[in-house]
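Asks: My questions all concern the structure below.
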Amino acid sequence: MIEQLGLRDRILSCTHSVLEGVRFLTIEGTAVRVPLPGGAYPELGLTRSRLDHVLLEHARSCGVDVYEATTLKALKRLPNGWRMESEAGWFEAGQLIAADGRNSTVARLLGLMPPPLPAERVAVQTHLPSPLDLGRDVVLQFLKEGYAGLAPVGADTANLCLVCRPGDLQSIKSWAATQFNLSEDQPWRSITPLRRAPLPATGERLWFTGDTARVVEPFTGEGIAYALRSGALCSDALLAENPGLYERNHGALYRGRLWVNQMARWACLHPLAGSALVRAGRYFPSIFSLLTRKVVA
Ligand SMILES: Cc1cc2nc3c(=O)[nH]c(=O)nc-3n(C[C@H](O)[C@H](O)[C@H](O)COP(=O)(O)OP(=O)(O)OC[C@H]3O[C@@H](n4cnc5c(N)ncnc54)[C@H](O)[C@@H]3O)c2cc1C
């Protein structure tokens with residue numbers, strides 16, 4: 001997608017880290033390492049703000065009017081489209097693409113948001129100085145509370161995500177504070193839900209992309225790729241005035257791939273079993289190589 005948008009050089013000129021491997025760690029700290037494919041299209045670690053900046057600049061250069069820090073507050077169906085209210089005033093459009101994430105305001109205002117699932121987990125995220133032994137690997141560690149994902153994002157900085165049930169948040173943050181020498185006022189950003197029922201990809205003059213349409217387990221780090229790809233499929237179908245095309249292609253985008261994500265979710269919900277899987281991976285490393293290849297393919 002980045003290549004198709006002509007943004008490869010722009011992305012590579014941002015501060016980033018070329019990722020070399022994934023280390024899976026059991027609760028006790030036993031590790032299995034899987035090298036990532038390098039070559040001309042390696043996996044990259046970079047901060048979300050840098051990626052968003054490049055994408056928004058590109059959108060502007062293509063003639064898109066970008067309104068940052070402008071929140072959609074109300075939405076009204078018109079006979080031939082939509083009327084949207086924000087702090088920046090009213091906007092009207094013939095078609096509406098809801099790309100506003102897992103807690104989509106559009107879906108909520110239209111009464112389409114699926115009810116929250118019981119016992120849903122939360123995630124928290126922060127940036128910290130990259131630990132010396134991290135190198136250019138991603139580390140995915142099972143913990144008794146859930147799991148931690150650590151990835152270098154360039155400039156000696158790492159991105160840390162913790163995932164657990166709400167009742168275990170203090171405990172998992174204490175683990176991180178000890179492990180990474182974090183102070184009490186370390187800023188954390190929380191993200192929820194990690195799972196919810198998918199929405200139909202289209203409605204009347206309405207299109208859903210990325211997390212708005214379907215939330216995937218973050219463990220495999222595929223969400224941004226799905227969001228970019230679904231956005232491209234949506235724009236192709238919108239230009240062809242063919243919602244059915246988007247529904248088919250959107251379904252095909254996830255078909256045959258979600259089992260890895262579901263397996264990852266299962267392991268994350270049962271960290272003892274996830275740890276056992278990692279231990280098995282020490283004797284059968286091809287299992288993890290296969291799963292990792294499937295994710296990055
Ligand atoms: C803990 C965690 C770690 C993750 N790690 C990775 C990873 O390493 N790699 C990866 O690829 N994916 C990862 N993901 C998944 C990834 O973040 C998402 O899949 C991806 O961001 C989805 O993109 P999106 O554009 O659909 O939604 P978002 O990125 O959520 O973007 C939605 C946008 O809509 C805006 N918005 C929301 N409401 C309104 C409103 N009312 N008015 C105006 N604007 C609004 C938001 O400000 C935001 O800019 C992770 C997710 C979690 C929870």
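Asks: Under 11 Å from a point 7 Å along the Cα-to-Cβ line of Leu245: which residues of segment 203-235 have their amide N that close?
Replies: Within reach of a label on Leu245: 233-235.
Asks: Quick one: how many Å² of Trp188 are accessible to a 1.4 Å probe, rounded to 10?
Replies: Ignoring ligands and nucleic acids, Trp188 comes out at about 60 Å².
Asks: On C-alpha positions alone, give me the angle between the axis of helix 285-296 and the longest principal axis of the chain, in degrees, nearest 10.
Replies: 20 degrees
Asks: Tyr67 accessible area, nearest 10 Å², 1.4 Å probe?
Replies: Here the residue's solvent-accessible area equals roughly 120 Å².
Asks: Let me ask something additional. Each residue of segment 153-168 in turn: what ³J(HN,Hα) in whole Hz from Karplus with 6.51, -1.76, 1.60 and θ = phi - 60°, glycine and Pro shown as x?
Replies: Ordered by residue, 3J(HN,Hα) equals 10, x, 6, 6, 10, 10, 9, 10, 10, 10, 10, 6, 7, x, x, 9 Hz.
Asks: Something else about it: Once you treat every alpha carbon in segment 156-215 as an equal point and sum by Debye, what is log10 I(q)/I(0) at q = 0.29 Å⁻¹?
Replies: Summing over Cα pairs of segment 156-215 leads to -1.28.
Asks: Angle between the Cα long axis of helix 223-239 and the longest principal axis of the chain, 0 to 90 degrees, nearest 10?
Replies: Taking the Cα atoms of the chain, the angle to 223-239 is about 20 degrees.
Asks: Something else now. For segment 117-223, what is the accessible area per residue in Å² when the probe is 1.4 Å?
Replies: Working: 4820 Å² over 107 residues.
I get 45 Å² per residue for segment 117-223.
Asks: Still on this structure, I have one more. Scaled to the compact-protein estimate 2.2 N^0.38 Å, what is the alpha-carbon radius of gyration of segment 220-264, rounded to two decimal places?
Replies: Its radius of gyration relative to the 2.2 N^0.38 Å reference: 1.26.
Asks: Search the structure for amide H atoms under 5 Å from the amide H of Arg196, placed 1.01 Å from N in the peptide plane, and list their residues when 5 or more places away or on another chain.
Replies: Val215
Asks: Now for a different question. How tilted is helix 271-283 with respect to the longest principal axis of the chain? Cα atoms for both, answer in degrees (0 to 90, nearest 10).
Replies: Helix 271-283 sits roughly 60 degrees off the main axis of the chain.
Asks: Sticking with this structure for a sec: At 37 °C and 0.692 mPa s, what whole-number value in µm²/s does Stokes-Einstein give for the translational diffusion of segment 231-294, with Rh from the Kirkwood sum over Cα pairs?
Replies: After rounding, the answer is 232 µm²/s.
Asks: Check each of the GluC sites (Glu not before Pro) in segment 8-116 and keep only those in coil by DSSP with at most 11 other C-beta atoms within 10 angstrom; list them in order.
Replies: Hits after loop and neighbour filter: Glu28, Glu68, Glu87.
Asks: Okay, next question. What percentage of the solvent-accessible surface of segment 146-297, computed with a 1.4 Å probe over protein heavy atoms, is contributed by carbon and sulfur atoms?
Replies: Numbers: 4290 of 7620 Å².
Exposed carbon and sulfur together represent 56 percent of the surface.
Asks: Using the C-alpha gyration tensor of segment 178-295, what are the square roots of 5 times its eigenvalues, in whole angstrom, with the largest one first?
Replies: Equivalent ellipsoid of segment 178-295: 33, 21, 12 Å, largest first.
Asks: May I ask you to give the average projected area over all directions of the convex hull of the Cα atoms of segment 1-137, in nm² rounded to one decimal?
Replies: 12.8 nm²
Asks: How much accessible area per residue does segment 1-114 have, counting only protein heavy atoms and a probe of 1.4 Å, in square angstrom?
Replies: 59 Å²
Asks: Rounded to the nearest percent, how much of the accessible area of segment 1-105 (1.4 Å probe, protein heavy atoms only) is carbon and sulfur?
Replies: So the carbon and sulfur contribution to the accessible surface is 50 percent.
Asks: On to the next question. Restricting things to alpha carbons, tell me how big the chain is in terms of Rg and Dmax, in Å.
Replies: So, for the chain, Rg and Dmax equal 20.2, 63 Å respectively.
The values are calculated or read from the model by the stated rules, or taken from the named source; none is laboratory data. Quantities reported herein were computed from a predicted structural model and do not represent experimental measurements. Neighbour counts run over all protein chains shown; Cβ positions are idealised from the backbone, glycine included. SASA here: full protein model, heavy atoms, side chains in, ligands and nucleic acids out. Shrake-Rupley method; radii C 1.70, N 1.55, O 1.52, S 1.80 Å.
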